[in-house]
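Q: Got a structure here, written out as structure tokens. Questions coming.
The values are calculated or read from the model by the stated rules, or taken from the named source; none is laboratory data. Because the structure is predicted, anything quoted here is derived from the model rather than measured. Counting neighbours? That spans all protein chains shown, and the Cβs are built from the backbone with ideal geometry, glycine included. The accessibility values were calculated without ligands, DNA or RNA, using every heavy atom of the protein model including side chains. Shrake-Rupley method; radii C 1.70, N 1.55, O 1.52, S 1.80 Å.
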Amino acid sequence: MEAASFTSPSSTTTSFSSHSSTSQSLRFLRYKPNAKPLNYKSSRSFSLRASATGADDSVVTLLDYGAGNVRSLRNAIKHLGFDIKDVQTPEDILKAKRLIFPGVGAFAPAMDVLNKKGMAEALCAYIEQDRPFLGICLGLQLLFESSEENGPVKGLGLIPGVVGRFDSSKGMRVPHIGWNALEIAKDTQILDDIGNSHVYFVHSYRAMPSDENREWISSTCKYGDDFIASIQRGNVHAVQFHPEKSGDVGLSVLRRFLNPKSGRTQKLVQGNASKLAKRVIACLDVRTNDKGDLVVTKGDQYDVRENTKENEVRNLGKPVDLAGQYYKDGADEVSFLNITAFRDFPLGDLPMLQVLRYASENVFVPLTVGGGIRDFKDANGRYYSSLEVASEYFRSGADKISIGSDAVYAAEEYLKSGVKTGKSSLEEISRVYGNQAVVVSIDPRRVYVKDPKAVEFRTVKVRNPGPNGEEYAWYQCTVSGGREGRPIGAYELAKAVEELGAGEILLNCIDCDGQGKGFDIDLIKLISDAVSIPVIASSGAGAVEHFTEVFRETNASAALAAGIFHRKEVPIQAVKEHLSKEGIEVRM
């Protein structure tokens, strides 16, 4: 593709591939050996009126093309004292003094939007001028020549290399989700405060180092093989991890990009990061109580009411306040489970959407929300797709959405027909936002059997025999908050939803819920051995030792707890300190 030319007010032509003071160091004007030109379709020439010089130093231009959660990034930018100008036209890109591109979702839809809106060409021109740029996650991947994600799909072609999928055949769980360590390849100011700290990744595809792109690489990360974690050349930066979800360390990355002259404003805790850490997740079951207030509650085998004469809903605090406290306490993620879910009208669930909006203002770790994400019709007969419902949650601050009952029904249909329709909520949402954004919540009950051949579902030999001495059990999946059993086992469901596009499994156990006697190791081992996506262990934690047990004896990637954190029986930091002492890597 030839260098783009744009018309200035004086009708002179400015070629962005030619003379600038940095041209010698920026020979990256498009790497495309033997490649055909990208078909950028610009409907008009761009004007360079009101260029970046003289612009307000407190303004950040944000290229939000409308996919996924960028609310947390907006909040992080505002938290650091900067204002945001949104890109509306290609000219807005060219006028930016500093530009952040938080790519969220899948590669092909993102490139499609950029091309159709004429922004791809403007973005290339901006970067080729060596102007301050920060790409995040997909915002890094799009700089490369192409991606294999639903492809091949052509990228912007600024950096040599093809973005490929992690190889799960090597035993790595894909997506790569969680807090991992960086290996710094060269000095770059925005990474100065990271040191030996973990940063948060969530992706299934990555770019690999090569001789052709090595001079771009500022850091790598090991997950199976070493992949590119960040790039830097001149004023152009991009990171595969999410700084807006990496706590204080991530905020320092943003601060140093937005204000290169800033020093360290606080002393960051130096960790001992060397590999992917096990995650400790705080879960908040949220519902309206009998007074109509939105509260955090906790069930005992899914019963959330007190065993008193009044039989009131347990009230353990306000969701936004608790989420903020758990962030300060060191939770690696915060998960909201909306157990009311406004079942007749999920998009009318304004209180829950507000919880996400307010929580994301001060919680800079990943937020997951579940409950009520499905197709539905409102009272007027208007149809809303699950994709529309999920989109509203994403735009309100969720990084991942959790699907429960709807995933069970989709799996049952898939196992019956053997055909992926592409129409289930699971398939639609993962196709648009990427499977890393979709969690499937599995809620099974243990069913004891004497003979494993007596049932069609996968059984496991249990550690503790059943009430009649049964040595085996299968795990029956439920829907509607555990109220209805379905003819499908947890093993069969997990395998099916992985094929349908789930990126992670939240594995509950009704039998263990609220008991405080430990996780169901038999169940978690069964499922975490069966799938290649990350599994979150849930239900039953009552002591720090239970977390050590689940990580040592199963392949769980994370462990979640609720009641023990709400009641302050076991602090999050105590869990992490215990795990660290036991040699299990965690983010400190």
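Q: Consider SER425 against the criteria (1) farther than 17 Å from ALA537 by Cα; (2) touching an Asp or Glu at 6+ places or on another chain (Cβ under 6 Å); (3) surrounded by fewer than 22 Cβ atoms within 10 Å (Cβ to Cβ): it satisfies all of them except one. Which criterion is unmet?
A: All conditions are met except number (3).
Q: Condition first: surrounded by 17 or more Cβ atoms within 10 Å (Cβ to Cβ) and not in a strand (DSSP E or B). Can you find one or more residues in region 444-455 that meet it?
A: Checked against the condition, which is being surrounded by 17 or more Cβ atoms within 10 Å (Cβ to Cβ) and not in a strand (DSSP E or B), region 444-455 yields no hits at all.
Q: Moving on. Using beta carbons and a limit of 8 Å, which pairs, at least six apart or on different chains, have the first residue in region 159-177 and closer than 15 Å to ALA556 by Cβ and the second one surrounded by 21 or more Cβ atoms within 10 Å (Cβ to Cβ) and aliphatic (A, V, I, L, M)?
A: ARG173/ILE533; ILE177/VAL202
Q: Could you check region 384-394 and list, in sequence order, the residues that are open to solvent by 10 Å² or more (accessible area, probe 1.4 Å) and not acidic (Asp, Glu)?
A: TYR384, SER385, LEU387, SER391
Q: To continue, here is another question. Within region 132-155, how many residues are assigned to a loop (DSSP other than H, G, I, E, B) and either surrounded by fewer than 24 Cβ atoms within 10 Å (Cβ to Cβ) or free of Cβ contacts under 8 Å to residues at least 12 places away in the same chain (or both)?
A: Residues in region 132-155 being assigned to a loop (DSSP other than H, G, I, E, B) and either surrounded by fewer than 24 Cβ atoms within 10 Å (Cβ to Cβ) or free of Cβ contacts under 8 Å to residues at least 12 places away in the same chain (or both): 6 in total.
Q: On the phi > 0 side of the Ramachandran plot and open to solvent by 20 Å² or more (accessible area, probe 1.4 Å): which single residue out of GLY381, GLY397, GLY371 fits that description?
A: Going through GLY381, GLY397, GLY371 in turn, just one is on the phi > 0 side of the Ramachandran plot and open to solvent by 20 Å² or more (accessible area, probe 1.4 Å): GLY381.
Q: For region 465-481, what are the residues that are in contact (Cβ under 8 Å) with a residue 40 or more places away in the chain and more than 22 Å from ARG374 (Cβ to Cβ)?
A: ALA473, TYR475 - these are the residues of region 465-481 that are in contact (Cβ under 8 Å) with a residue 40 or more places away in the chain and more than 22 Å from ARG374 (Cβ to Cβ).
Q: Still on this structure: Which condition from (1) under 19 Å from GLY516 (Cα atoms); (2) modelled with pLDDT under 95 is the one that GLY542 breaks?
A: Going through (1) under 19 Å from GLY516 (Cα atoms); (2) modelled with pLDDT under 95 one by one, GLY542 breaks only (2).
Q: Hey, any hits in region 68-91 for a residue that's open to solvent by 10 Å² or more (accessible area, probe 1.4 Å), in contact with a Pro (Cβ under 8 Å, 6 or more places away or on another chain), at pLDDT 95 or above and farther than 26 Å from ILE505 by Cα?
A: Checked region 68-91: no residue is open to solvent by 10 Å² or more (accessible area, probe 1.4 Å), in contact with a Pro (Cβ under 8 Å, 6 or more places away or on another chain), at pLDDT 95 or above and farther than 26 Å from ILE505 by Cα.
Q: Any idea which of SER218, SER252 is outside any strand (DSSP E or B) and either of a type in the set (S, T, N, Q) or surrounded by 23 or more Cβ atoms within 10 Å (Cβ to Cβ) (or both)?
A: Matching residue, one of SER218, SER252: SER252.
Q: Still on this structure: Can you tell me which residues in region 324-348 are at pLDDT 80 or above and among the hydrophobic types (A, V, I, L, M, F, W, C)?
A: Within region 324-348, ALA331, VAL334, PHE336, LEU337 qualify.
Q: If I filter region 400-420 down to residues being assigned to a loop (DSSP other than H, G, I, E, B) and touching a residue at least 12 places away in the same chain (Cβ under 8 Å), which single residue comes out as most open to solvent (accessible area, probe 1.4 Å)?
A: For region 400-420, the residue satisfying everything is LYS420.
Q: Hey, another quick one. Does ILE194 satisfy the criteria of being touching a residue at least 60 places away in the same chain (Cβ under 8 Å) and crowded, with 20+ Cβ neighbours inside 10 Å?
A: No, not satisfied.
Q: Here's something else I'd like to know. Restricting attention to region 439-464, which residues are in contact with a strand residue (DSSP E or B) (Cβ under 7 Å, 6 or more places away or on another chain), without any contact (Cβ under 8 Å) to a residue 60 or more places away in the chain and under 16 Å from ALA411 (Cβ atoms)?
A: PHE457
Q: How many residues are surrounded by 15 or more Cβ atoms within 10 Å (Cβ to Cβ) and part of a helix (DSSP H, G or I) when one looks only at region 156-188?
A: Going through region 156-188 one residue at a time, the tally reaches 1.
Q: Taking into account only those residues within region 555-576 that are hydrophobic (A, V, I, L, M, F, W, C) and assigned to a helix (DSSP H, G or I), which is surrounded by the fewest Cβ atoms within 10 Å (Cβ to Cβ)?
A: So the residue we want is ALA574.
Q: Could I ask something else about it? Take PHE257 and decide whether it is modelled with pLDDT of 95 or more and open to solvent by 10 Å² or more (accessible area, probe 1.4 Å).
A: So PHE257 passes the test.
Q: Between residues in region 482-507 that are part of a loop (DSSP other than H, G, I, E, B) and residues that are open to solvent by 10 Å² or more (accessible area, probe 1.4 Å), which pairs lie under 6 Å by C-beta distance while being six or more apart or on different chains?
A: GLY482/TYR302; GLY482/ASP443; GLY501/GLU427; GLY501/SER430; GLY501/ASN435; GLY503/ASN435; GLY503/GLN436
Q: Quick one: how many residues across region 525-540 are more than 24 Å from the chain's Cα centre (by Cα) and among the aliphatic types (A, V, I, L, M)?
A: 1
Q: Can you say whether LYS525 is farther than 30 Å from GLU428 by Cβ, open to solvent by 30 Å² or more (accessible area, probe 1.4 Å), part of a loop (DSSP other than H, G, I, E, B) and out of contact with any strand residue (DSSP E or B) (no Cβ under 7 Å at 6 or more places or on another chain), as far as the supplied structure shows?
A: When the stated conditions are applied, LYS525 does not pass them.
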